[in-house]
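To keep things clear, I will list the structure first and then write my remarks on it.
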2 protein chains.
Amino acid sequence: MTMMPNWLMQRAFLTPERIAVAAEEETVTFHELHIRTLRKAAAMQGEGMGKGSRCAVLMKNSLDMAVTIHALAYIGAQAILLNTRLTAAELDYQLRDSEAEYLLYHHALEHQWEKPSWISIDSRNLESLTETEMFEKTFHLDETATIMYTSGTTGKPKGVMQTFGNHYWSASGSSLNLGLHHDDRWLCAVPLFHISGLSILMRGIIYGMTVVLHETFQPEKANKAIMEEGVTIASVVQAMLTRMLEDLGDAKFPDSLRVMLLGGGPAPMPLLKECKEKSIPVYQTYGMTETSSQIVTLSPEYSFSKLGSAGKPLFPCRIKIMNSGAECPPMAEGEIYVQGPNVTKGYWKRESTFHDGFLPTGDIGYLDEDGFLFVLDRRSDLIVSGGENVYPAEIEAVLLSHPSVLEAGAAGADDPKWGQVPVAYVVLKEHVSEAELLSYCRERLAKYKLPSRIYFRDSLPRNASSKLMRRMLADGGRHD
Amino acid sequence: MTMMPNWLMQRAFLTPERIAVAAEEETVTFHELHIRTLRKAAAMQGEGMGKGSRCAVLMKNSLDMAVTIHALAYIGAQAILLNTRLTAAELDYQLRDSEAEYLLYHHALEHQWEKPSWISIDSRNLESLTETEMFEKTFHLDETATIMYTSGTTGKPKGVMQTFGNHYWSASGSSLNLGLHHDDRWLCAVPLFHISGLSILMRGIIYGMTVVLHETFQPEKANKAIMEEGVTIASVVQAMLTRMLEDLGDAKFPDSLRVMLLGGGPAPMPLLKECKEKSIPVYQTYGMTETSSQIVTLSPEYSFSKLGSAGKPLFPCRIKIMNSGAECPPMAEGEIYVQGPNVTKGYWKRESTFHDGFLPTGDIGYLDEDGFLFVLDRRSDLIVSGGENVYPAEIEAVLLSHPSVLEAGAAGADDPKWGQVPVAYVVLKEHVSEAELLSYCRERLAKYKLPSRIYFRDSLPRNASSKLMRRMLADGGRHD
């Protein structure tokens, strides 16, 4: 088992004076971040937390959240990172499924759940005046560092286990593609509870790089960070980039911006072309919670000639396209399979889904003659709304639990602001209004998962095996 | 066991058009390097070589040598890299000890050994017109890739086993310190049979970076590569740097040179100061065959303020100073111990020398209050001559095998060109001339190990346990 020094501790030793995090509220060096982390870790130990503890984190992007995540690694606990937009019912499920022993929360989010049976601690109260000495000085790369929930086609979210090794290899693979400059500052305006944000935090302490941390994404603030605050790399999804371009108007980003890393699903060609015209160095990327961030990213030399492609695998990784158990030739569509030391070892308490060393993603795509990946659809039916993954099966499960609903289907509808929004289609047993159903959903689904419309149909499109054909829902419910 | 794609194959897939090696005779892309490697691998298979074969390589820096090393990895063989300056007797020892089954040699070096009992192949004859398909597509990081011989204090050279993982972690650790730019070109004017050169070859295929490969070090050629050919990083030892500065005269290196990586032993302060005045970005480093190249390197922000220090450990590594079984406090001298995933798992056919997870180096140094390493002496008595390690015990063993010699001691003497040169001290049983002894040594020791002088003494300095005090040899042989 490969071991290495605790990353933040090593950074605090190697490059103590460099800026580690430039948050909106304040800026700290690696030394200062380490000291705060030691104090937070001491407070955690005071609460009985320690090696092997399972600690859920429900916090907003902030220096305090970064310190909390690092402190959990210092005491050897696993961090279960929760999406702050979940409803009480969704939170309850993830807390129970993950067997969390502690919930560390930001006080502003306190109203979101009902009185829990586990120990919950307001993060403001996790401050110690003294520092612990009983921290983990060594990271074992095979040990689980973090768990994040993601839904599959089956509806119920599953906990993706990410090891220290997964995070290291992800950071290492990214740097071998994007390079690593001493003046790099990576903008994190995506949530730290998503892998897109957490991976920036990890790169920060592995690279010795400044993370510019925003609490929420605001296009004018993000642009200001690039224009005036020396941001060299920014992680965005399509909806963010669109709004940043609107805010930018006729202005241009400075040359100091060397990478605009665009993830979260295939990007529309008009957007990519607009970026090309404005000389914005967009690098399309494909990744997921299970790959600990990017696994396929376009290299700089192909960023324009292969516009629209997600690129080739990162250096330590492989991909292949499979169809009916066989590997597809170039240009043939199939399911994307991934392999690499950044790929999760599996889902918490679930059986392995690996095939011959590769993880099937459920996403559909093809490789061109040169081996570049083009992603056609995320997880067949996945709806990507403003960078959040929305799983139709989750919406359908809620609708089907309503006594008046006989059948339910959900799919994405194009939306100028969010890329996509979910819409639902139902067949009723007995009359119920759209407003009533939406109100029922609102209690059970995070806001971004809420269907924008619910349409009533006589039947839903199903294939010969009666499998719901979600892509055909919008066609009016005809059978095919 | 962590696995990843075969490095050169992956580079040939990811970045086929980039320049992989700019050798003096020609320049090849990663795609071209891959094709040549496939052909060389096919020829090797035609000779019966394959998975697990133990293949010694006795070659001069050249594209052909680079291809040979990569081809051995393609067929899953281990490369035993031999110093081309060894005598026939030294070669014979390393070939036998390593249990080499094949010797691949450059024809110009053919005269160096006697007719061997193993299969030896002129590298010119290892050219196939067809390509093999039976190569290793995956590297297992725990498997031994290369073996290099290094002597210890006991005299006989030992084979240091370097795994694929050791090489990857070395490259990864180096990039986290020095950064990684898309236009990087690393000058390799040090031998590929040394870890200083081999590690550049490995970084080339891991980073996707151009290696500028010189057959031998010539200061004017090295300077030209920096001045006119876009070299951004150069690996040098003190004797090389001194000669490059002489050749440079009043000229200045361009800003494109971002790292002058100075290894091979402590550097004299006047040289460092001269570089500082000329704004040459010298990064002192400390490393050895056992650490697969650098393990301690000065960070950019301290390159001037900590002048004279080798720096702090690379990100994945740790060091400590030990004396009489206890860890030394800051400023106290002791033996340097190293730890990290780039550190060898051990010596071929020798027992482990690890203590509590750390490898004792035999080198002497101390850490300052900030944790910066200052190396005082390489392996107590190691002589570093022009970047080559010379072990006194090896010279002494040869002298002691002469019938007229009773006692022998060797040590380094300062030399303006080579940094140090070996000198020897002997106590005779019966008369023999210095010339006769030198002639005897010449047959048994590589040229760079040959004593520049042999002094006759009545006795040699020994401590209370009769252990030879090599550092006191130059004082005239007084007992202490």
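Quick note: the coordinates plus some simple rules give every number you see, no bench work behind them. Quick caveat, the model's predicted, so the values are computed rather than measured. Backbone-built Cβ (ideal geometry, glycine too); neighbour counts: all protein chains shown.
Values as computed for the structure displayed
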| item | result |
| --- | --- |
| Among A:V390, B:P392, A:A77 the positive-end extreme of the charge dipole of the protein assembly as shown (Cβ point charges) | A:A77 |
| Simple Cβ-charge dipole of the protein assembly as shown, Lys/Arg +1 and Asp/Glu -1, about Cα centre, in debye nearest 20 | 700 |
| Nitroxide proxy distance, nm - points 7 Å out along Cα→Cβ at B:F456 and A:S324 | 9.2 |
| Positive minus negative residues near B:R85 (Lys, Arg vs Asp, Glu; Cβ under 10 Å) | 0 |
| Long-range Cα-Cα pairs in chain B (distance over 36 Å), rounded percent | 29 |
| Relative packing of B:453-459, B:441-447, B:293-299, which averages over residues the other C-beta atoms within 10 Å, highest first | B:293-299, B:441-447, B:453-459 |
| Assigned charges on the beta-carbon of Lys, Arg, Asp, Glu; chain B dipole about Cα centre (debye) | 420 |
| Neighbourhood charge, 12 Å Cβ-Cβ cut-off, centred on A:G197 and excluding it, Lys, Arg +1 and Asp, Glu -1 | +1 |
| Simple label model, 7 Å out from Cα along Cβ direction - B:E443 to A:T130, nm | 7.3 |
| Proxy reagent accessibility, fewest Cβ within 10 Å first, across B:C317, B:C328 | B:C328, B:C317 |
| 10 Å-binned pair-distance histogram of the protein assembly as shown (Cα, whole percent) | 2, 11, 19, 22, 19, 13, 8, 4, 2, 1, 0, 0 |
| Other-chain or far-sequence residues with amide H under 5 Å of A:Q420's (modelled H) | A:G386, A:D415 |
| DSSP bridge orientation in the protein assembly as shown - percent antiparallel, rounded to nearest 5 | 60 |
| Gain upon complete extension [B:K278, B:D92; 0.36 nm per residue less C-alpha separation] | 62.4 nm |
| Cα centroid separation - the range A:359-438 against the range A:255-315, whole Å | 24 |
| At R0 = 30 Å, FRET efficiency that the Cβ-Cβ distance of B:L428 and B:D475 yields, to 0.05 | 0.95 |
| Efficiency of FRET from Cβ geometry, B:D250 and B:T353, R₀ 51 Å, rounded to 0.05 | 0.60 |
| Length released on extending from A:D415 to A:I121, taking residue separation times 0.36 nm less the Cα-Cα span | 102.0 nm |
| Efficiency of FRET between A:E110 and B:E228 - r from beta-carbon atoms, R0 60 angstrom, step 0.05 | 0.40 |
| Cα gyration tensor shape of the range B:383-475, rounded if a/c is under 1.5, else prolate or oblate by comparing a/b with b/c | oblate |
| Karplus (6.51, -1.76, 1.60) ³J(HN,Hα), θ = phi - 60°, over the range A:368-376, in Hz, Gly and Pro reported as x | 7, 4, 8, x, 7, 8, 10, 8, 9 |
